[in-house]
1. Could you list, in sequence order, all residues of the range 163-206 that are free of Cβ contacts under 8 Å to residues at least 12 places away in the same chain and closer than 16 Å to residue 39 by Cα?
2. Could we say that residue 46 is loosely packed, with under 13 Cβ neighbours inside 10 Å and at pLDDT 65 or above here?
3. Just the residues that are over 22 Å from residue 145 (Cβ atoms) and in contact with a helix residue (DSSP H, G or I) (Cβ under 9 Å, 6 or more places away or on another chain), please, taken from the range 174-207.
4. Which residue pairs have Cβ atoms closer than 8 Å, lie 6 or more positions apart in sequence or on different chains, and pair a first residue in the range 10-39 that is on the phi > 0 side of the Ramachandran plot with a second residue that is in a helix (DSSP H, G or I)?
5. Looking at (1) modelled with pLDDT under 85; (2) surrounded by 19 or more Cβ atoms within 10 Å (Cβ to Cβ); (3) within 19 Å of residue 204 (Cα to Cα), which is the one condition that is false for residue 163?
């Protein structure tokens, strides 16, 4: 496709050219967006929603003379960047909503929940649900491990193990410092517990589909 010529027609107000441009890229943008949306957020928006928004933004920019791409590859690269930004913005909006979507799946694990409360998912379960709760945490840990580019010490498993013993974060830092032979900050422990909470929510969302 002659993208430069098509863009020139769009700038001249040719609606047929605009439609042709949208039809050519929209399904590809939708497919790319869909892969970047975590299952947790697909109840709020999907790849088609993002693609439609991206293509509207593209057409508006073309009309204003803000897009000048010589070939299809350069325009596709721009669309990929726009799509990433749109997805990230939609996720932030979902997280900031009064009724955070994460609460729909697991009220016991909210943004403000402490590490001890997370451990209570297992510790306070009755006999019937204990195995299910333990499996949930195991799935969350496997989710983290499979998505880590590079494992860093201490592991999420170690942090969760100590948290479930009822240790305060300050004591966890000291215990892990002795294990790994380096300083462990409170911020690192909080981050790893946040990773686990988010992984639990991802697993719950995936299992709900």
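The values are calculated or read from the model by the stated rules, or taken from the named source; none is laboratory data. Here the structure is a predicted model, which is why all the values come from computation and not from measurement. All Cβ positions, glycine included, derive from the backbone under ideal geometry; neighbour counts span all protein chains shown.
1. 198
2. no
3. Correct list: 183, 186.
4. Pairs found: 13/63.
5. Unmet condition: (3).
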